[in-house]
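Taken together, the values in this text are just the output of simple stated rules run on the coordinates, not laboratory data. The structure displayed is predicted, hence computed values, not measured ones. Backbone-built Cβ (ideal geometry, glycine too); neighbour counts: all protein chains shown.
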Amino acid sequence: MSMETTTQNPSPRSIGIQNFLASALLLAVMVFGLWQMAGASRNLDLSTVPSGWDSFWDGSTTQAFEKRLDQAVPARPELIMAANAARYWLTHGAGPKVRVGDDNWLFLTEELQVDAGAEQRLKQRVALLADTHRALEARGIASVILLVPDKTRVHSESLGAIRPEFVQRRYALGLEGLKAASVPVIDLHADMQAALQNDPTQELYYRTDTHWNQNGAELAAKAVARWNSEKGIVAGQTAFELRREGEAAERVGDLLALIGLDKAPAWMRPRGDQEVPVVVEAQASASADALGDLFGDAGVPVVLLGTSYSQRAAFGDFLRLHLGSEVLNASKDGGRIAGSAEEYFADDAFSQSPPTLVVWEVPERFLTLPMDEGKTEPAVLLPAP
């Protein structure tokens, strides 16, 4: 089911044409922007913009001015978008959050960041996962960590940069730490390496998005199913069928949004990934519709915890397909390493109708990223029974 793609390096002539068009676009943006600004300056009402040093330093003057400018220059968003496109094609500039790799691959710079506290946070989070595994085990619930390698690791040949030394060994440190703590863990990087060695042309992550694509998601689901089959934890008793519906359509990724080009026309930005929607349905009477509310149904044998990875590329559906079991997808966008687990374990459905198996998807960068401002490291996710 892999979606193979092949690429060709652009010719010098096509690069020259591309740079000429980008330069022309930038010049047009500048001329049009100056014209708009000139018109706006004659009608710009600054009577309500606060003045004085205090207002300037606390940012209220700038915010008020930008608001008036937006009102006076209706084409401002389009001008910014066009300027972003010209910057991208002329300089491969993408702002601080995105790195442009080879052949217009985009990468999240967050994957490459490291600070002095990274190794200590990794140890703390491995300990948190280990404590949670033991608390689940004491309740008779099996669990396994699906450790997801960074896109910059899996497709490093397209990154066009050297990864920091600690980042290079972060995945191995997390894997070794979990194994040393006797936590069941699936080494997805090994499976992905093997898949790419077998077929170097395939792609396992979206080019313009942080997350795995359908190839990577199904590979991960198969790895979980293989682990479950070896352990004999959940007996697959439901037959599912997979359908790919419709034609391949462009999928505009989150990294394009970070560089301000997600709403740009196709000719103005890097091409998005092509994807055919996937539908997985139970062949028997049981179906995903029978699950009801997110945490409201008894008897679901598998619960999926995790991050936005589990919300993308039909991973939850692929997991149902290859496990042969219904799966309650309790993953959460923006929840970092523990967000979905904290929410699920606090729900009454967990204590009243516990699952047989918890699959916990953990992206490697979340082992070391600092907590968001104002938040503290969780000490315990699930108290011992």
### Query
Taking the simple approach of a point 7 Å from Cα along Cα-to-Cβ for both R226 and A194, what is their distance in nm?
0.3
### Summary
Share (percent) of C-alpha pair distances in segment 339-385 greater than 15 Å works out to 59
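Does segment 306-385 classify as rounded, prolate or oblate by the C-alpha gyration tensor (a ≥ b ≥ c root eigenvalues; a/c under 1.5 gives rounded; else a/b over b/c gives prolate, otherwise oblate)? Please list the in-between numbers first.
Working: a/c = 2.38, a/b = 1.24, b/c = 1.91.
It comes out oblate by the Cα gyration axes.
What is the diffusion coefficient of segment 94-148 in µm²/s, taking the Kirkwood radius over Cα pairs and the Stokes-Einstein relation at 25 °C with a viscosity of 0.890 mPa s?
Rounded, D is 171 µm²/s.
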### Message
Rg/Rh for segment 72-199 to two decimals, with Rh computed the Kirkwood way over all alpha-carbon pairs.
### Response
1.13
### Query
Bin by bin, in steps of 5 Å, what percent of the Cα pairs in segment 168-321 do you find, going until the bin that has the longest distance?
2, 7, 13, 17, 19, 16, 12, 9, 4, 1, 0
### Message
Test of understanding: extend the Cα→C-beta vector of S182 to 7 Å, then name every residue of segment 114-147 with backbone N under 18 Å from that spot.
### Response
126-145
### Summary
Summing +1 per Lys or Arg and -1 per Asp or Glu among the other residues with Cβ less than 10 Å from I186's Cβ gives -2
### Message
What whole-number distance in Å separates the alpha-carbon centres of segment 217-255 and segment 170-193?
### Response
21
### Message
Give the lysines reachable from K222 as a straight Cα distance under 16 Å; neighbours fewer than 8 places away on the same chain don't count.
### Response
K231
#### Entry: Net length gained if the chain between E119 and E281 were fully extended (0.36 nm per residue, minus Cα distance)
54.1 nm
#### Entry: Counted charge near A127, where neighbours are those whose Cβ lies closer than 11 Å (Asp, Glu -1; Lys, Arg +1)
+2
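Which net charge results when you count Lys and Arg as +1 and Asp and Glu as -1 among the other residues whose beta-carbon is under 15 Å from that of F345?
-3
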### Message
For a 18 Å ceiling on Cα separation, which of these pairs sit above it: K97/K151; K151/K375; K123/K179?
### Response
K151/K375
